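Here the structure comes first, spelled out in structure tokens, and everything after it is commentary.
What follows is calculated from the coordinates using simple rules that are stated; it is not laboratory data. Computed from a prediction, not measured in an experiment: that's the story for all the values here. Glycine gets a Cβ as well: all are built from the backbone with ideal geometry, and neighbour counts include every protein chain shown.
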Amino acid sequence: MHIASEQDIKAGRVTDVYFQRTAEVLRHFQIDKHVAMEVRATGLPREWPWAVLSGVSEVADLCRGIGCDVSCMDEGTVFGAGEPVLTISGPYLAFGVYETALLGLLCQASGVATVAARCRLAAGDRALVSFGARRMHPAIAPMIERSAYLGGCDGVAVVMSAEMMGLAPVGTMPHALILVVGDAGEAFRKFDQAMPAQVLRVCLVDTLNDEKFEALAAAEALGDKLYAVRLDTPGSRRGNMRLILREVRWELDLRGHQQVKLMVSGGLDEYNIPELNEYAQAYGVGTAISNAPTVNFAADIVEVEGKPFSKRGKESGRKNVLRCEQCGKRAVVPAQAPPTCACGGEGDLLLRPLIRQGQVVQELPGVDEIRQRVLRQLAGLTLQPSPAQEGRPAP
């Protein structure tokens, strides 16, 4: 397998070679200054107005025991462009070689969590499940689905990912079951007979016939046990998904199957989900979440031997992010600034001690607690589509 182990990452082998060469130069001349480095994204992908921080627990594992200090936003915190999310300080040689890995742990996970959060806003209170592990390398499936869950998904599909979070995996049935059995109605009945009672009866209704007729076949086969039907209609047959959903809803309701929910998957994202909300009660989102754009974090030295010092284009000195509890405004402030907003209200400094002298000093919350933190913040946010996405065709 072409993957790096935890031992490889901790040994500093997953690093850009110029960091390794820098360490060789500094050791040769016995230079090892105390520096502070901050991590921030100057801009966010697709003109997002905000993003969700993920990957902090893995950063804690990476930096544990390497003799540095780390202050960081809590995992699951919503942040904006230009806001530092993490500061790491100590002798440069203690952590410089980890810059590549540290950024990698935050960039991809935060992108996944952000798109999941945007899909959560788009779906409202409808069920949202992460279906995208198959689009990424299987070695990182647990990371992808953890970030998707904490970002707002209600469940994940991969068995190992769910087990690592203490969840039950969520899924329906594949086209393969129906094709191997050879008949949709018979496949639905066999699924019902073989699965334990706690597994929801969700039938895939686009394999061999029109969605309307396969939905009716599922209702006939399972009766009141049918929880939902899932439409995953291929693009070549799709037409207008909203109208297909309306037709399926009509036919099921007409025959007394109002309890059957409609689930949609295939090609969904935060931009087309709202168009289906009138009829859909659940969504399975795959590629849009797992292939989310990475947040382009950069790590820059901002202090050397206790003095503000940075490259051009970067503000020097350690910083924090102040969130005012009174007016709600946020501001990047010098690290030593008092937690007082310009409006006179008391503020909350978002970068908190995570590691001191290589020891984790903060109790890291479980993924459910992080997810609830995200959901509380989403309650005050809106979904602003990117101008690049305007004019997209209906799903």
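So how do Lys307, Lys319, Lys212 line up by other beta-carbon neighbours within 10 Å, fewest first? Mind dumping the intermediate values first?
On the way: Lys307 8, Lys319 22, Lys212 16.
By the 10 Å Cβ count, ascending: Lys307, Lys212, Lys319.
Taking every alpha carbon pair in region 157-220, what does the distance histogram look like in 10 angstrom bins from 0, in percent?
21, 46, 24, 8
Please report the spacing between the Cα centers of region 31-110 and region 322-387 in Å, no decimals.
15
Taking the alpha-carbon distance from Lys311 and a cut-off under 25 Å, which lysines remain once sequence neighbours fewer than 8 residues away in the same chain are dropped?
Lys33, Lys319
What ranking do Phe29, Phe213, Phe131 get, fewest neighbouring Cβ atoms within 10 angstrom at the top? Numbers along the way, then the final one.
Numbers: Phe29 7, Phe213 14, Phe131 28.
Ranked by crowding around the Cβ, least crowded first: Phe29, Phe213, Phe131.
Distance in nm between label sites at Lys225 and Gln198, each 7 Å beyond Cα in the beta-carbon direction?
Simple spin-label model gives 1.8 nm for this pair.
Test of understanding: ordering Val199, Val361 by Cβ neighbours within 10 Å, fewest first, what list do you get? List each step's numbers first, then the result.
Details: Val199 16, Val361 13.
Final ranking by Cβ density, sparse to dense: Val361, Val199.
Could you go through region 274-283 in sequence order and give the Karplus-derived ³J(HN,Hα) for each residue, using 6.51 cos²θ - 1.76 cosθ + 1.60 with θ = phi - 60°, rounded to whole Hz, and x for Gly and Pro?
Couplings: x, 5, 9, 4, 4, 10, 8, 10, 7, 9 Hz.
Which residue fluctuates the most in the chain, going by a Gaussian network model with Cα springs under 10 Å, if the choices are Val374, Val205, Val181?
Fluctuation is largest for Val181.
Compute the projected area of the convex hull of the Cα atoms of region 245-395, averaged over all viewing directions, and report it in nm² to one decimal place. Kindly include the intermediate steps, with their values, before the conclusion.
On the way: hull surface 59.4 nm².
Mean shadow area of the hull around the Cα atoms is 14.8 nm².
Kindly provide the helix-only [θ] at 222 nm of the chain, computed as the sum of -39,500 (n - 2.57) over DSSP H runs of four or more divided by all residues, to the nearest 500 deg cm²/dmol?
Helix-only estimate at 222 nm: -10000 deg cm²/dmol.
Write down the percent of antiparallel bridges among all DSSP beta bridges whose residues are both part of the chain, to the nearest 5. Before the final figure, lay out each step's value.
Values: 35 of 52 bridges.
Counting only bridges with both partners in the chain, antiparallel ones make up about 65 percent.
Scan the chain and note any complete DSSP helix (H) whose C-alpha atoms cover at least 27 Å along its axis and whose Kyte-Doolittle average is 0.5 or more.
Numbers: long enough: 99-123 (36 Å, 1.04).
Both cut-offs are met by 99-123.
Can you tell me which lysines have their Cα less than 18 Å from the Cα of Lys212? Leave out same-chain residues fewer than eight positions away.
Lys212 reaches Lys261.
Remind me, what semi-axes does region 171-278 give for its equivalent ellipsoid, largest first in whole Å, using sqrt of 5 times each Cα gyration tensor eigenvalue? All intermediate terms of the calculation are to be shown ahead of the outcome.
Working: eigenvalues 92, 48, 35 Å².
The equivalent ellipsoid of region 171-278 has semi-axes of 21, 16, 13 Å.
Mind giving me the FRET efficiency for Arg135 and Val17? R0 is 30 Å, r the Cβ-Cβ distance, nearest 0.05 is fine.
Working: r = 29 Å, r/R0 = 0.98.
Working from the Cβ atoms, E equals 0.55.
How much length would be gained if the chain were fully extended between Ala168 and Glu251, taking 0.36 nm per residue of separation minus their Cα-Cα distance, in nm to one decimal?
Working: separation 83, 0.36 × 83 = 29.88 nm, distance 3.21 nm.
Stretched fully, the Ala168-Glu251 segment lengthens by 26.7 nm.
So between Gln30 and Lys190, what do we pick up on full extension, going 0.36 nm a residue minus the alpha carbon distance?
Numbers: separation 160, 0.36 × 160 = 57.60 nm, distance 7.10 nm.
Contour length minus Cα-Cα distance gives 50.5 nm.
If I take R0 = 30 Å and measure r between the Cβ atoms of Ala4 and Asp348 in this structure, what FRET efficiency does the formula 1/(1 + (r/R0)^6) give, to the nearest 0.05? Working shown, then result.
On the way: r = 37 Å, r/R0 = 1.23.
Efficiency, rounded to the nearest 0.05: 0.25.
Give me the net charge for the shell around Leu179: Cβ to Cβ below 14 angstrom, other residues only, Lys and Arg +1, Asp and Glu -1.
Details: positive: Lys190; negative: Asp183, Glu186, Asp206, Glu214, Asp232.
Counting the neighbours of Leu179, the net charge comes to -4.
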